[in-house]
1. Can you confirm whether Trp36 is over 18 Å from Leu118 (Cβ atoms) and either without any contact (Cβ under 8 Å) to a residue 12 or more places away in the chain or not basic (Lys, Arg) (or both)?
2. Cβ-Cβ under 6 Å, sequence separation 6+ or interchain: first residue in the range 60-88 and closer than 24 Å to Gly27 by Cβ, partner open to solvent by less than 50 Å² (accessible area, probe 1.4 Å) and β-branched (Val, Ile, Thr). Which pairs?
3. Mind listing whichever residues of the range 17-27 are open to solvent by less than 60 Å² (accessible area, probe 1.4 Å) and either of a type in the set (Gly, Ala, Ser) or part of a loop (DSSP other than H, G, I, E, B) (or both)?
4. Within the range 26-53, work out how many residues are at pLDDT 95 or above and of a type in the set (S, T, N, Q).
5. Among what's in the range 1-16 and is closer than 19 Å to Lys76 by Cα and assigned to a strand (DSSP E or B), pick the residue that is farthest from the chain's Cα centre (by Cα).
6. Among the residues of the range 39-57, count how many are without any contact (Cβ under 8 Å) to a residue 24 or more places away in the chain, open to solvent by 60 Å² or more (accessible area, probe 1.4 Å) and either under 19 Å from Asn77 (Cβ atoms) or not in a loop (DSSP other than H, G, I, E, B) (or both).
7. So which residues in the range 71-105 are of a type in the set (Phe, Trp, Tyr) and at pLDDT 95 or above?
8. Tell me whether the range 108-120 contains one or more residues that are in contact with a Cys (Cβ under 9 Å, 6 or more places away or on another chain) and at positive phi.
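The values are calculated or read from the model by the stated rules, or taken from the named source; none is laboratory data. The structure displayed is predicted, hence computed values, not measured ones. Here the Cβ positions follow ideal geometry from the backbone for every residue, glycine too, while neighbour counts run over all protein chains shown. All accessible areas refer to the heavy atoms of the entire protein, side chains included, with ligands and DNA or RNA removed. Shrake-Rupley method; radii C 1.70, N 1.55, O 1.52, S 1.80 Å.
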Amino acid sequence: QVQLEESGGGLVQVGDSLRLSCAASGGTFSRYGLGWFRQAAGKEREFVAAINWSGKTTWYADSVKGRFTISRDDAKNTVYLQMNSLKPEDTAIYFCAADESGYYSSTWPMNYWGKGTLVTVSS
């Protein structure tokens, strides 16, 4: 059983940067596809970014392309989300997730989820 714990959220200003981290325990981290999702108040959870098991393939939501970067450090069992040029609409709880397939697909759910970290972007 994989456990995921997010950190790095907080209150920032428009245009600031923030890096989220998600540390994993249990399972074989290097085999998992990893992703970040977010849920704003009153809205459905949405996909943000994902990275495959090798780190060679990434996926991004159109709303964050060019601003956010996902990366992984298998030696630290950690996945990161670097967020630049933050906007008020990026305000949400951010969740990391892991998929046993080693990839990401919008057609099947991720296997494991963290509890989330809150990011608030103030104007």
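1. On the way: over 18 Å from Leu118 (Cβ atoms): no; either without any contact (Cβ under 8 Å) to a residue 12 or more places away in the chain or not basic (Lys, Arg) (or both): yes.
No, not satisfied.
2. That search, which allows pairs on different chains as well, returns Ile70/Ile51; Arg72/Ile51; Arg72/Val79; Leu81/Ile70.
3. So the first thing to find is which residues in the range 17-27 are open to solvent by less than 60 Å² (accessible area, probe 1.4 Å), and the list is 18, 20-27.
Correct list: Ser21, Ala23, Ala24, Ser25, Gly26, Gly27.
4. So the count comes out to 2.
5. So the residue we want is Gln3.
6. 2
7. Going through the range 71-105, the residues of a type in the set (Phe, Trp, Tyr) turn out to be 80, 94-95, 103-104.
Scanning the range 71-105 gives Tyr80, Tyr94, Phe95.
8. Yes: one or more hits.
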